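Take a look at the structure below.
Each value in this text was obtained by applying a stated rule to the coordinates, not by laboratory testing. Note that the structure is a prediction, hence the values are computed from the model and not measured. Don't worry about glycine lacking a Cβ; one is built from the backbone with ideal geometry, like all the others, and counts go over all protein chains shown.
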Amino acid sequence: MRGLYALKPWYTNRLASVLRFAVARDISPDVFTAVGVVSALGAGVAIAYGSWVLAFVLLAGRLAGANLDGAVARAQGVSRPWGFVLNELGDRAGDFAMFAGLAVLATRNGDIGWGSDWATGWVLVATICATLPTFVSVSGAGAGAQRLNGGPFGKTERCAAVILATAVPAWIPVISIVIIAGSVLTACTRLRSIHGALSASPSDPAATSAGHR
């Protein structure tokens, strides 16, 4: 189950003109990583003020940046391990900015059905749980498995859920619970896939020794 991540090639194709421009002008992939982070920071502010339309536009920019940095790196033949690190840091910063904005919105809306304190608490738990799929994927990649992305509840689904919560603040607690459940399910799904992949591959002495340190 790849969720909305299956739409990534389609979205990347929509950005083909930007990709060609970046390659022709030799623009660094890191520029698009930065664009994604800045867009996410702006989205966090928009979310805090309940502007779901602006949040939608800026989160689309965040996803565009996340798509283009890797696409540009591959097209230019400059993919490197440090780019992987920057991409991961950018994604985590983007998630935290998005959820920080949602927490502020929950606090500002005292008329939320379960109370603003409860709503803010659920957002904070959702923020922590949203890191679990990435934690599992990065741990698996460190052990030699492929770095897994996608659903059933990945980055794109989180963005969509937060936009909906911004549009209807009264739903923040319920949507936070959906994010929590979806993130845990995704982490478990990825963990199962990684376990299967690593069990089927020869043992890596370096990874084995690292696991016993």
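Only helices enter this figure: runs of n ≥ 4 DSSP H residues, each worth -39500 (n - 2.57), summed and divided by the residues of the chain, yield -25500 deg cm²/dmol at 222 nm to the nearest 500. If R0 is taken as 45 Å, the Cβ-Cβ distance between residue 128 and residue 27 corresponds to a FRET efficiency of 0.80. Calculated FRET efficiency, residue 82 to residue 181, Cβ-Cβ distance, R0 = 30 Å: about 0.30 to the nearest 0.05.
Note down the nm distance, to one decimal, between modelled labels 7 Å out along Cα→Cβ at residue 53 and at residue 17. With each label placed 7 Å out from Cα toward Cβ, I get 2.3 nm.
In the elastic network of the chain, a GNM with C-alpha springs shorter than 10 Å, the most mobile of 73, 145, 24 is 24. Between the exposed loop cleavage positions of the chain, defined as chymotrypsin sites (Phe, Trp or Tyr not before Pro) in a non-H, G, I, E, B DSSP state with at most 16 neighbouring beta-carbon atoms within 10 angstrom, the longest gap is 115-213.
Judged by the gyration tensor of its Cα atoms, with axes a ≥ b ≥ c, the chain is oblate; a/c meets the 1.5 cut and b/c is at least as large as a/b. Taking the Cα centre of the stretch 3-200 as origin and assigning +1 to Lys and Arg Cβ atoms and -1 to Asp and Glu Cβ atoms, the resulting dipole is close to 500 debye. The ranking of 157, 88 from fewest to most other beta carbons within 10 Å of each one's beta carbon is 88, 157.
Extension gain for residue 146 to residue 167 (0.36 nm times residue separation, less C-alpha to C-alpha distance): 3.9 nm.
How high is the FRET efficiency from residue 60 to residue 197, r the C-beta distance, R0 41 Å, rounded to 0.05? Result of the calculation: an efficiency of 0.80.
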